[in-house]
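No lab work stands behind these numbers, since they all come straight from the coordinates. Small disclaimer: the values here were computed from a predicted structure and weren't measured. With ideal geometry, Cβ positions are generated from the backbone for all residues, glycine too; neighbour counts draw on all protein chains shown.
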Amino acid sequence: MTTMLTVHPGTSAVLALTSVLLALLALTWEPARRLMKQPARTAPRTSMARRQEASSSMPDPFQFAPALLDPSLLTIVMIATSAVQILVAITLVEPLLLIIAPISALLVRIAMLGIARTRYQRRLSAQLLPALQSLTSLMEGGRTMLVGAFATTAATLPEPLRSEWRWVLDRLNQPYLITRPDGTTERYTSTHAYVLDRLAAQTPVRLHAQVLDQLVAIYEHQLDAQAHQRLAQITTALARRATLQRAVATLLGRIQGEAYVITGAFSVIIAWLAWSQTERLVAAFAGDLGALAVAWFGFWLVAPVVFALLAVRIPDLPL
């Protein structure tokens, strides 16, 4: 006796769409992982790096990938966004929502990585001045070598600066091969200056790259005896930059605050109209041009906030 398994057509459609969605997410997962770990070049290579620039068939042990976001969290959010969109599309019978579900997942990925990168940059930038102050105090009187003071300071730093400086210390005295243009291969051992230079070329924070370049310059110009003086100058420049940054943020913050007040006032008025004169508000946006009217008023509602976030941005002052 043969038993036939009957599946509801709607269930079959949901399963088929879910399978397609998961396949698309699987295809986009690897590019997302590479994008999340792709180092950002934030500063030109120093003369040390240019002298040792070459290609090699061996894996590069000095590739730095900042921990911007947990990959599992990124996957969960992408799948959840697409699943909700599929359910809404099936409930409202909107095929367009099904078609753009993979695009929505990619947009969510891009937005999450952008937010994570911005948060990472702000946190690390705020940690640089205390770190340089601690490093400078350890170098006072010439009692400690720069690499020793660097290691001591790294152990006391918060994340994410701690991870970047620990990355430097973990790659000291490591052998690596350099293939010259003429085909000859030379073997080197990584120094503190070399690893600092590699991190400066890959850290996603431009200010950090500038600080690391200054530390590399101490080694390149053989200024070990003047290391404390050079670090004090860098710390002073960082403190001056932080003061100017706060002053600029205060000035631009007033403009941003006014934009939020304007949008908030319009939102309160719209909410009051929706509560007190619902029928008139609905009638005002009904008809053939209703969608266009909603888009027009919606644009002017969010325009001040968009202007505050995009046009009035705090500049990245040089070191």
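Shown for V84, V195: other C-beta atoms within 10 Å of each C-beta, ranked fewest to most, produce the order V84, V195. Here the relative contact order of segment 95-248, from alpha carbon pairs under 8 Å that lie six or more residues apart, stands at 23 percent. Here the extension length gained between E140 and S267 equals 40.0 nm, from 0.36 nm per residue of separation less the Cα-Cα distance. Sorted fewest first by neighbouring Cβ atoms within 10 angstrom, Y176, Y260 come out as Y260, Y176.
If you plug the beta carbon distance of R280 and S72 into 1/(1 + (r/R0)^6) with R0 = 41 Å, you get a FRET efficiency near 0.25. Taking all Cα pairs closer than 8 Å and separated by 6 or more residues, the relative contact order of segment 77-118 comes to 45 percent. The value obtained for segment 178-308, namely the Cα convex hull volume divided by the number of residues, is 203 Å³ per residue. The residues S104, S82, when put in order of fewest to most other Cβ atoms within 10 Å, stand as S104, S82. Segment 155-222 and segment 119-153 have Cα centres separated by 15 Å.
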